[in-house]
């Protein structure tokens with residue numbers, strides 16, 4: 001077993017007791033999905049390189065009220081196939097298959113996963129009940145120049161040390177779950193395909209989108225301007241609720257702020 005596999009299992013062990021590991025066929029490759037809890041279907045999409053294990057804290061907080069499903073993105077780190085995805089249509093075909101059999105779930109996502117969730121719902125609004133977008137990247141504001149500059153070494157050649165330095169800077173040195181941080185460092189040794197390049201949705205697309213949407217920003221995010229994200233989402237989306245977690249940064253949602261986040265999700269979906 002590799003260091004990455006061991007670290008993956010260590011974080012997965014923090015999911016609720018009885019969590020199921022399912023392998024689902026999709027047009028772009030077999031997909032590992034972790035499922036926990038009973039109740040309304042809630043599907044959560046992780047950020048780039050994070051894997052489905054990222055939802056351990058939120059799944060634990062919500063499994064008593066929701067059936068939480070979290071897939072490993074095909075082509076990314078994790079236990080889905082490492083098939084390359086080329087276009088947003090590839091991503092949407094993949095997610096269509098992941099959602100097959102679910103009756104209009106609540107669809108959520110963090111960072112890159114938030115962008116996937118939003119663009120999928122814009123294209124297929126009849127497939128989802130509502131959206132939960134956590135620090136969604138490339139949806140309502142550009143990435144901050146400082147974050148892009150700090151992230152450049154990671155993009156050019158990721159290493160455990162570079163990943164740790166980016167986390168330390170973005171979180172302001174806030175402590176994160178040690179098993180989770182070990183997984184993020186170990187993930188730098190894995191080979192995955194370059195993600196589909198995200199492009200911000202056009203304002204006219206957002207203005208006609210009628211699904212209720214919760215947008216959660218981190219008050220200390222260095223990835224993007226949380227005030228601009230909130231302002232743009234409020235101005236463009238017809239049915240939007242915006243909440244800010246004052247202590248959270250882009251990297252700490254959802255692993256370190258799950259209880260507060262779960263409260264906002266309950267209120268939004270109740």
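Read-outs throughout are calculated quantities, based only on the coordinates presented, and are distinct from any laboratory measurement. Nothing here was measured: the structure is a model prediction, and the numbers come from that model. Positions of Cβ are backbone-derived with ideal geometry, glycine not excepted, and every protein chain shown enters the neighbour counts.
What the table shows:
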| quantity | calculated |
| --- | --- |
| Interatomic Cα distance distribution for region 48-146, bins of 10 angstrom, percent | 14, 48, 34, 4, 0 |
| Taking 183, 134, 166 and counting other C-beta atoms within 10 Å, the order from fewest to most | 166, 183, 134 |
| Contact order normalised by residue count of the chain, Cα under 8 Å, 6+ apart, percent | 19 percent |
| Burial order of peptide ranges 80-88, 173-181 (average beta-carbon count within 10 Å, highest first) | 80-88, 173-181 |
| Per-residue [θ]222 nm for the chain (sum of -39500 (n - 2.57) over DSSP H runs n ≥ 4, rounded to 500) | -11000 deg cm²/dmol |
| P(r), alpha carbons of the chain - 5 Å bins starting at zero, rounded % | 1, 6, 14, 19, 21, 19, 14, 6, 1, 0 |
| For region 1-92, diffusion coefficient by Stokes-Einstein and Kirkwood Rh (Cα), 10 °C, 1.306 mPa s, µm²/s | 118 µm²/s |
| Hydrodynamic radius by Kirkwood, which averages 1/r over all alpha carbon pairs of region 105-162, in angstrom | 12.8 Å |
| Using alpha carbons only: equivalent-ellipsoid semi-axes of region 191-258, gyration tensor based, whole Å | 22, 19, 11 |
